[in-house]
Amino acid sequence: MLSIIVAYDKNYGIGAKNDIPWMGKLPADIEHFRTTTKDAAVIMGWITYKSIGRLLPKRQNIIISDYADTVVEGATVAGSLQEAIKLADPSRNTFVIGGGTIYAQAIDLADVIIASEINATILECTVFFPKIDKNVWREVSRQHMPANKDNLYDFDIVTYKKIKTT
Ligand SMILES: NC(=O)c1ccc[n+]([C@@H]2O[C@H](COP(=O)([O-])OP(=O)(O)OC[C@H]3O[C@@H](n4cnc5c(N)ncnc54)[C@H](OP(=O)(O)O)[C@@H]3O)[C@@H](O)[C@H]2O)c1
């Protein structure tokens, strides 16, 4: 089973300037990401890998690049999303963790989307998640996460399951 995990704003914005604009302002989402992807295979684009700045511990890190012969110690570099999926350890859950170009390719292949839907419009976003077609995806769970002194925005953790292949 292939899952996508993503956080987006009201306009499906996910990033700007090779970073996540709400980084540091939503630690509850980081914690959700950490616990959900623990021990999994995580597939990411090269820009996302560089923007994280390190490998994610306790996970199989698979990085997609046109330069698939690049060596990243402790990670696997794949030349395409399809190759990355094949290289994922079958005994682990597999998550596509971004960014925009990889989500756009993965949405047709994925079975599940776990989306943190941030209740804000973050105008600086220049990278977007594809719009979720409700004829293809059914919402199966939603957990509200209220803003508080540490978390600037309300967000909902929503799980969508694919009900129809495109
Ligand atoms: N909000 C969230 O949940 C979330 C999650 C992750 C990332 N982000 C944000 O998203 C942004 C990054 O997204 P992005 O779209 O700019 O970049 P990206 O998808 O992370 O990486 C793009 C790179 O991946 C490689 N790539 C993509 N498709 C490929 C293919 N089919 N074959 C071979 N290589 C391929 C290429 O690397 P090479 O140039 O090396 O060939 C390409 O330049 C950042 O702002 C990041 O912070 C947000």
Query raised in the report: Of the residues ALA115, ALA88, ALA147, which exhibits the maximal mean-square fluctuation in a Gaussian network model of the chain defined by a 10 Å Cα contact cut-off?
Result: ALA147
Query raised in the report: Can you give the helix-only mean residue ellipticity at 222 nm for the chain, where every DSSP H stretch with n ≥ 4 adds -39500 (n - 2.57) and the sum goes over all residues, rounded to the nearest 500 deg cm²/dmol?
Result: -5000 deg cm²/dmol
**Report entry** Neighbour cut-off at most 15 other Cβ (10 Å), DSSP loop, chymotrypsin sites (Phe, Trp or Tyr not before Pro), the stretch 13-109
**Finding:** TYR67
Report summary line: A chain fully extended from ASN148 to ASN18 at 0.36 nm per residue, minus the present Cα-Cα distance, gains in nm 44.1 nm
Report summary line: Nearest-0.05 FRET efficiency for LEU55 and ASP156 at R0 = 35 Å, using Cβ-Cβ distance, is 0.75
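Provide the percentage of antiparallel DSSP beta bridges, counting only those with both residues in the chain; round to the nearest 5. Walk me through the numbers before you get to the answer.
Working: 18 of 38 bridges.
The antiparallel proportion sits near 45 percent.
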Query raised in the report: Longest span of the chain, sites excluded, free of GluC sites (Glu not before Pro) in DSSP loop with at most 16 other C-beta atoms within 10 Å?
Result: 1-72
Query raised in the report: Do any trypsin sites (Lys or Arg not before Pro) in the stretch 48-118 lie in a DSSP loop with no more than 11 other beta carbon atoms within 10 Å, and if so, which?
Result: ARG54, LYS58
Report task. Would you mind pulling out the separation of the Cα centroids of the stretch 70-101 and the stretch 1-21, in Å? Result -> 18
Report summary line: With the charge dipole of the chain built from beta-carbon charges (+1 for Lys and Arg, -1 for Asp and Glu) about the Cα centre, the Cα from TRP22, ASN61, ILE163 projecting farthest to the positive end belongs to ILE163
Query raised in the report: For the stretch 2-134, what relative contact order do you get, as a whole percent, if you take Cα pairs closer than 8 Å and at least 6 residues apart?
Result: 44
Query raised in the report: For the stretch 22-134, treating each Cα as an identical point scatterer without solvent, what Debye log10 I(q)/I(0) comes out at q = 0.09, 0.13, 0.19 1/Å?
Result: -0.24, -0.51, -1.11
Query raised in the report: Rounded to the nearest 20 Debye, what is the dipole magnitude of the stretch 2-134 about its Cα centre when Lys and Arg each give +1 and Asp and Glu each give -1 at the C-beta?
Result: 280
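None of the figures in this text is laboratory data; all of them are computed from the coordinates on show. Since the model is a prediction, treat every value here as computed from it, not as a measurement. Heads up, the Cβs are rebuilt from the backbone with ideal geometry, glycines too, and the neighbour counts pull from every protein chain shown.
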